[in-house]
1. Can you give me the long-range amide H partners of ARG134? Hydrogens built in the peptide plane at 1.01 Å from N, cutoff under 5 Å, separation of 5 or more residues or another chain.
2. Among LYS370, LYS107, LYS295, whose mean-square fluctuation peaks in a Gaussian network model of the chain (Cα, cutoff 10 Å)?
3. Considering only protein heavy atoms, what per residue accessible area in square angstrom results for the chain with a 1.4 angstrom probe?
4. Considering only protein heavy atoms and a probe of 1.4 Å, how much of the accessible area of region 3-126 is carbon and sulfur, as a whole percent?
5. Net charge near LEU312: determine it from the other residues with C-beta under 15 Å of the C-beta of LEU312, scoring Lys and Arg +1 and Asp and Glu -1.
6. Between THR5 and LYS274, what length comes free when the chain is fully extended (0.36 nm per residue of separation minus the Cα-Cα distance, one decimal in nm)?
7. To the nearest 20 debye, what charge dipole does region 1-141 have about its Cα centre, counting +1 at the Cβ of each Lys and Arg and -1 at the Cβ of each Asp and Glu?
8. As an exercise, identify the trypsin sites (Lys or Arg not before Pro) in region 215-268 lying in DSSP coil whose Cβ has no more than 10 other Cβ atoms within 10 Å.
Amino acid sequence: MTTLTMKEEKRLEIIQRVYRGDLTVGRAALVLGVSERQCYRIKARVGKMGAKGTVHGNRGRACKHKTEEETVKQIVELARGKYQGFNDHHLTEKLKEQESIELSREKVRRILRADGIGSPKKRRGLKHRSRRERRAAEGMMLQVDGSPHDWLQGRGPRLCLIGGIDDATSKVTGGFFTQAESSWGYFTLFSEIFNAHGLPHCLYTDCHSVFWTDREPTLEEQLINHKPTTEVGRALEELGVTLILAHSPQAKGRIERLWNTFQDRLVSELRLAKAKTLEQAQAVLERYIPVHNCKFSRPARAEPAWRKLSTLQIQRALCFKQQRTVAQDNTITFEGTVLQIPKTSPFRSYANRRVEVHVLLDGAVEIFYKTEKIAAFDSKTTHTIGLYRTLDKKEGFRYGPISMRSTQPNTPT
């Protein structure tokens, strides 16, 4: 007795209607979704074999490509014994190389799963993620990140694009190419954005070491209950910008999707412009960002929330700061160079006082006692004596190898 599926029962009913003259073969073929010639074949089989004529001829037959039972048994034994703990792909390679059993990885996987052998690498279950609504106004949240990529597609050096995107509008507020993510790079980006637009209320970024440190607090920090920060973290704290660290790429999806778009469209623009150097790439980027914003940005629900601040205040926060103790002759030693604090009064000395050395983004150096600027060395002077930027673990500004050079300051302003 042949058991028919619902599809085969439907096929039998249609063919019987053809025999009764209720349907033509052409109409029946249309209903069954087969060609007219195939419908004639089905009709002929039904006329000869009855209901069994609607059943596919391969039903019940073993597939000619079926793996032999002995081979299946051997694979299972090897997976449980000699190759225990091998992942599916690795096991497939070993079966071919060592056991002369040539099967596809998917076939091996099906054999193992059918016998209850799971993958040795356990996958994490998908976490439930809630959609975060955009901020209401431009300037309430800024997402920043760096994207190391072969932007020039082998025509030039491998570069890193550092940029920021507004959370409310998806507007790219700034970006530039550099060699690698660094404090100097983010300071430069923030200087560009903060001077052009204002300060955002908060900054959303990843846990890059530029923003976060796991070092133990010093004794001085413990006494004032101060958490260790990086140079960038300290600068944002001084400016009153809240730093929010994302612990997954999905959390800062806005800027991750921006990089996907840039790695498609911007790379094409760079190729079209035949850019080969960092400077040429930067010129293309500056032309592309306004076009991108016109196409992909969206209006905010509220008025802009940027906070305005003077250029001088921004400059004094976005710099590298170190503390030094003034010697008896009113000098400090900074990275192997003696810097002279000028005489402002015959009755005033800064000896043994703790001062703060600010290294600005262009390499200029300023010395502060509390809030008073007591010495300044412009970038031309510092470059002459060998101040240069580094990207090592102590990333910042360093002096060249000439030791103990004495430098007179410019007139403080």
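The values are calculated or read from the model by the stated rules, or taken from the named source; none is laboratory data. Just so we're clear, the structure is a prediction, and the values are computed from it rather than from any experiment. FYI the Cβ positions are ideal-geometry reconstructions off the backbone, even for glycines, and counts take in every protein chain you see. For accessibility, only protein heavy atoms count, side chains too; no ligands or nucleic acids. Shrake-Rupley method; radii C 1.70, N 1.55, O 1.52, S 1.80 Å.
1. Here the answer is none, since no amide H 5 or more places off falls under 5 Å of that of ARG134.
2. Among LYS370, LYS107, LYS295, the largest GNM mean-square fluctuation belongs to LYS107.
3. On the way: 24840 Å² over 413 residues.
Dividing the accessible area of the chain by its residue count gives 60 Å².
4. Details: 4470 of 9340 Å².
Here carbon and sulfur together make up 48 percent of the probe-accessible area.
5. Values: positive: LYS308, ARG316, LYS373; negative: GLU238, ASP362, GLU366, GLU372.
My count for the surroundings of LEU312 gives -1.
6. Details: separation 269, 0.36 × 269 = 96.84 nm, distance 6.30 nm.
Separation in residues times 0.36 nm, less the Cα-Cα distance, equals 90.5 nm.
7. Numbers: 36 positive and 18 negative charges, 126 e Å.
For this selection, approximately 600 debye.
8. Details: sites: ARG215, ARG234, LYS252, ARG254, ARG257, ARG265; in loops: ARG215.
Counting only loop positions with at most 10 other Cβ atoms within 10 Å, the trypsin sites (Lys or Arg not before Pro) in region 215-268 are ARG215.
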